[in-house]
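The values are calculated or read from the model by the stated rules, or taken from the named source; none is laboratory data. What you see is a predicted model, and the numbers here were worked out from it, not measured in a lab. So basically every Cβ, Gly included, is an ideal-geometry build from the backbone, and we count neighbours across all protein chains shown. Keep in mind that these areas ignore ligands, DNA and RNA; they rest on the heavy atoms of the full protein, side chains included. Shrake-Rupley method; radii C 1.70, N 1.55, O 1.52, S 1.80 Å.
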Amino acid sequence: MKKIKPNSRFFIIGNALEQRDISHLIQNDDIVIRFNDPNPTCQLMADWVFIANGYTQIRHLTIDRRFFKTDTLVFFRYQMADILHARYQNIPLHKRVKYLWRFPKWKKHFGLDQYPTQIVPFDVYRHCAQVLGYRQPSTGLLAIDYVLLTHPHNHIYVHNFTNEGWVGHNWDDEKRIMKSWLDEGIIEEA
């Protein structure tokens, strides 16, 4: 697992189609962040991957690890207890109980059990949802907010974000938030 240094920069890569190659910008100490099933049009290898592991997501999300480094750190959105207590999603009890055996099986099936993992802290998730004003931030926005809160002195670059995708997210407000962060220089476009 790559260590974060004071000069490390974070490059958070969205899942839109690659418009231009930025691999020449990446230096040895930088952290490349991808999420869910990385779009193969961008060839950057991930140091960190943020994955939506909710009940519905693990039933439909496939993970192709070809853009994971061997020491990639995987961040899951939810702890098993979050699903069991329906903290973020309203899920019937019988489906929450199924999650107990389905999630470990899903991790093993896609080889995610071979990577070190962390859970996005509840305080970060709550902060991101409050900034957004919506309960279900996208995995990309959650990754950006996580880095902003946990590494405020490092530079953060975003690439390949269009703020569109799954219908369960509030894309218009996510676009507005990202634009304000870009305008204020909190994050930069790569």
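Quick check on region 47-87: of everything there that is among the hydroxyl-bearing types (Ser, Thr, Tyr) and surrounded by 18 or more Cβ atoms within 10 Å (Cβ to Cβ), which residue is farthest from Ser23 (Cα to Cα)? Can you show your working first?
At the first step, the residues of region 47-87 found to be among the hydroxyl-bearing types (Ser, Thr, Tyr) are 55-56, 62, 70, 72, 78.
Checking which are surrounded by 18 or more Cβ atoms within 10 Å (Cβ to Cβ) leaves us with 55, 72, 78.
Working: Tyr55: 34, Thr72: 18, Tyr78: 31 Å.
Applying the filter and picking the extreme gives Tyr55.
The residues of region 150-180 that are at pLDDT below 70 and of a type in the set (D, E, K, R) amount to a single one, Glu164. Against the condition without any contact (Cβ under 8 Å) to a residue 12 or more places away in the chain and either out of contact with any Gly (no Cβ under 9 Å at 6 or more places or on another chain) or within 16 Å of Arg34 (Cα to Cα) (or both), how does Asp183 come out, does it pass? Criteria met by Asp183. Of the conditions (1) part of a helix (DSSP H, G or I); (2) modelled with pLDDT of 90 or more; (3) open to solvent by 70 Å² or more (accessible area, probe 1.4 Å), Gln118 fails just one. Which one is it? Here Gln118 clears every test but (1). Contact annotation: residue pairs with Cβ atoms under 7 Å, 6 or more positions apart or on different chains, pairing a residue in region 1-18 that is within 19 Å of Gln43 (Cα to Cα) with a partner that is among the hydrophobic types (A, V, I, L, M, F, W, C) and part of a loop (DSSP other than H, G, I, E, B), are Phe11/Ile26; Phe11/Ala190; Ile13/Cys42; Ile13/Leu44; Gly14/Phe161; Ala16/Phe161; Glu18/Cys42. With respect to the conditions (1) out of contact with any Gly (no Cβ under 8 Å at 6 or more places or on another chain); (2) open to solvent by 40 Å² or more (accessible area, probe 1.4 Å); (3) closer than 20 Å to Ile119 by Cβ, Ile91 falls short on a single one, namely (2).
Within region 21-39, the set of residues being at pLDDT below 95 and open to solvent by 10 Å² or more (accessible area, probe 1.4 Å) comprises Phe35, Asn36, Asp37, Asn39.
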